[in-house]
Each structure stands twice: as structure tokens, then as C-alpha cells.
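Trainee: One structure, pasted below without further comment.
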Amino acid sequence: MRKVRIIILILSIVSKLFGQTADYKQLGIEAFEKENYPLAISYMQKALKANLNDKEVYYYLGYFIHYNAYDSRPLKGYDLSYSDTVLFFFNKALELDPNYGDAKYFYTAECGANAMYSLQQKEYENFKYHYKKAFDIGGFPKWSIEYGKLLLNQVEKNGILFTHGDFQLNICWYLQFCDNYRTDISVIPLALLNRPFFVQEIKNSELIQPVKLGISNYEILNMRPYKWKETTIDIPISKTLIAEYKLDSNYMSWTVSPDLKGLRDYLSCESAFLLEIVESNKWERPIYWTLGMDNKYLNGLDRFGSYKGLVFQLLPFRTSKTEYESDIETLEVFIENNNFSDYKSILETNQPRISGIILYAYANSMIELAKKYKANNQTDKLSDLKNFFETNFKIGVYPEYEERYLNLFKE
């Protein structure tokens, strides 16, 4: 009976500890969702004390500390040792579960943040080192490499590509500067056009293919929200494009709206420098942005986009309800010329944080084609498309979405 009582006591203590872990973990998640990062971290630290073998707690600590460093107000005493703490917690999560995909994703995001710091210091070899470090941990699995190459290959030679989010930027820069793949493209995260060092970098870089800017370094260093009211900017169109598209106007009229509103309206740095890039480029280089871009960053430029699969291309006229709104020929080539063979490796190296984005990106191209095939009563092509999707993408990663997309190919 004494042994039984001891066992019951031990089980009771263990149960209480695990209960505390679950409670603190949930409280931490709730605090994070309210963007109270210090409180969220505090709860997760308590959850860790209750259970030192919970991979999720280590993951959340790395995740929350990462956000506290880069998405909150400036931290007193912050230096790169803070990043070592973030990577420590992700490494602990991966020790407990080597296939923990989202821990690999955020490990890679942290490496990307360190690479950005190296870029700011113009330490280009360190920049590459951080991306190689992410690759070595499994941060860039085969399916992400495939996606990155397909993405870059949709951009014409010497193009400019605006990206959105850590994943798109990190995979592109890893391929460009660690694998020397499509370095002719200037890959620019739109959200970073509010940072003087980065705008100076893309103007004068020895690493990234520079873009033309018609403003001085003084203006870059003094960037700020600009007093603004909705204004239509007329951007001259080259004679070549006027002839190619048989245009009646010599100007692209882009209505740019204030995107910081309050007692007085302002134009954000992101919008101001996007406008500067487009104006200074003078149609010399083709401009693209990635599928999944938050259109608020484009400030109306999306009205001039032609959908090509993983990217939109900027055209010198509004594309809505024209034959150029979706480039069907390019979409067909994109699907017909690629078998997406590495996509299925998601089954072994899934990163749930982003893998659904990949499925959406590929499926969206086929769904757009399906709309056209249905409208034109092209039943054979529609059937082939359905079979292609079912063979290559109905693999059980996201059954609900796979089935939903598949139904869109039915007549």
C-alpha cells in the first residue's frame, strides 16, 4: 500500500506540473496574440520551469523572443547576443524533435535577420554565412528550393522583384548569393523601403543588383512620412512599350493615396520609395511583385499588374478586364514546363508555417487556367488540368484545401 501511495503521489505531482505547463503555455499564447511580447515570454519561461522536455515551449520561447526583438519597440541593451538566445531555444526544440518544421522555419527567419544586420554592415561574407547556416539546419528543404527557382525564373532577365514576407525573401537571397542563381534580378522586400540603410544598399550595393534612384543620399537618410493627398502621378512610357501594346497615351497615370491617415494624411516611406523606384526605372528593367503581396504596400500599383503564376508583372496601363489581367499563355507554359517533382517532399520536411502558401501559389495558377477553360468550354484541357493537380498536389498535406482546389477543376 505504501508503494501505491508513493506512485499516486508522484503521478499527482507530474500531473500538476504538466497542468501548469499547459496553463502557462496557453496564457503565453494569448499574451502574444495581444502583442504583449514580454508577458508572453514570461509565461513561457514559467511553463519551461514546469517541464524542461516540452519542445513546444522551447519553440514558443524562440518564436516570441524573435518577435520581441524585431517587431516591438527598440529594446534597451539589445545586441546580437539576443539572437544567440533565440537560436538556442530553437536548437533545443530541434533536439527534442529533429523534424520540427516550424522551429526550422523560425530558425531560418532568425538567420535572415542576422543576414540583414550583416548587409547593413556591408559584411557580405557574413551575410552568406547566415543563410548557409539556415540551410545546414534544414531551413531550405527541397520543395522550398524548387519554389524559389520557379519564382525567380518567372522574372525576365535583369528584372526587379518585390517580395513580401520572410520566406520569399530568404529563399531568393539564399539561391542568389549562396548558389549564385539568377543574381541578375534585384530582389527587394517592399516592407524594408522604410529603412535608410536598405535604400542606400539597393542604390549602391556591391552584392544586390543595384536599382536606379534619382534622389540623394541626404534625402534617403532623412526619409520620413510625407504630407500627402491623393495625387495622380503621370509616368512617361517608352516608345517601345507604346508600340508593343498599341497605347493611346504616352503616360501611365498612377493614383497614389496617403497610406498613413490621422489628423493629417501622410505618404509612408515604403510608398514614397516604391514610387521613386518605378519613376527612376523609366521602364528600362521589367518590374514584378510576388503572388501573396499585401496590396497595401503597392498603393494602387496592383491595378497595373499582369498575373503570370508566382508573380505579377507591372504593365504601363490598367489591366483589369483586359486580356492582360491574366497572362494565360505564360500560365500554361508555367504548368506544362514544370512537374513540381520536389513538392511532394513536403511530406517529410513540412514547415506548416509556410507550406500552405506553396500549395496556394501553385494551385492558384491552375485555378485561373480552369476559369478560362470553363469559359471557353475547353473540357479536354480542364480534364487534363484536374488530373495534373490530383497527381502532383493531392498528397494529404492539407486534405481540406486539396479537395477544395480539386473541386474547382470540375465542370
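Trainee: Hand me the list of helices (runs of 4 or more DSSP H) wholly inside the stretch 232-342 holding 3 or more residues that are buried (at least 18 other Cβ atoms within 10 Å of the Cβ) and within 26 Å of the chain's Cα centre (by Cα).
Mentor: Those helices (runs of 4 or more DSSP H) span 269-281, 328-336.
Trainee: Answer yes if at least one residue in the stretch 382-401 is assigned to a helix (DSSP H, G or I), among the β-branched types (Val, Ile, Thr) and on the phi < 0 side of the Ramachandran plot, and no otherwise.
Mentor: yes
Trainee: Hey, any hits in the stretch 302-320 for a residue that's among the charged types (D, E, K, R) and farther than 28 Å from Met223 by Cβ? First the steps, then the outcome.
Mentor: Of all residues in the stretch 302-320, those among the charged types (D, E, K, R) come to 302-303, 308, 318.
Filter once more, keeping what is farther than 28 Å from Met223 by Cβ: 308, 318.
Yes, the stretch 302-320 contains at least one residue that is among the charged types (D, E, K, R) and farther than 28 Å from Met223 by Cβ.
Trainee: Here are some residues: Ser81, Ser72. Which one is touching a residue at least 24 places away in the same chain (Cβ under 8 Å) and within 27 Å of the chain's Cα centre (by Cα)?
Mentor: Being touching a residue at least 24 places away in the same chain (Cβ under 8 Å) and within 27 Å of the chain's Cα centre (by Cα) holds for just one of Ser81, Ser72, which is Ser72.
Trainee: Hey, among the residues in the stretch 81-104 that are surrounded by 15 or more Cβ atoms within 10 Å (Cβ to Cβ) and in contact with a Ser or Thr (Cβ under 9 Å, 6 or more places away or on another chain), which one's nearest to Cys172 (Cα to Cα)?
Mentor: Result: Lys104.
Trainee: Quick check: anything in the stretch 148-168 farther than 26 Å from Lys203 by Cα and either surrounded by fewer than 21 Cβ atoms within 10 Å (Cβ to Cβ) or assigned by TED's automatic domain parsing to the domain that holds Leu310 (or both)?
Mentor: The answer is yes; a qualifying residue exists.
Trainee: Among the listed residues Tyr147, Tyr67, which satisfies the condition of being out of contact with any Cys (no Cβ under 6 Å at 6 or more places or on another chain), at pLDDT below 95 and under 25 Å from Tyr297 (Cβ atoms)?
Mentor: Criteria check complete, one pass: Tyr67.
Trainee: Moving to a separate point now. Condition check: surrounded by 21 or more Cβ atoms within 10 Å (Cβ to Cβ) and of a type in the set (A, V, I, L, M, F, W, C). Does Phe64 satisfy that?
Mentor: yes
Trainee: With the structure loaded, tell me whether Ile215 is within 20 Å of the chain's Cα centre (by Cα) and not assigned by TED's automatic domain parsing to the domain that holds Leu87 or whether it fails that test.
Mentor: So Ile215 does not fit the description; no.
The values are calculated or read from the model by the stated rules, or taken from the named source; none is laboratory data. No experiment lies behind these values; they were computed from the predicted model shown. Positions of Cβ are backbone-derived with ideal geometry, glycine not excepted, and every protein chain shown enters the neighbour counts.
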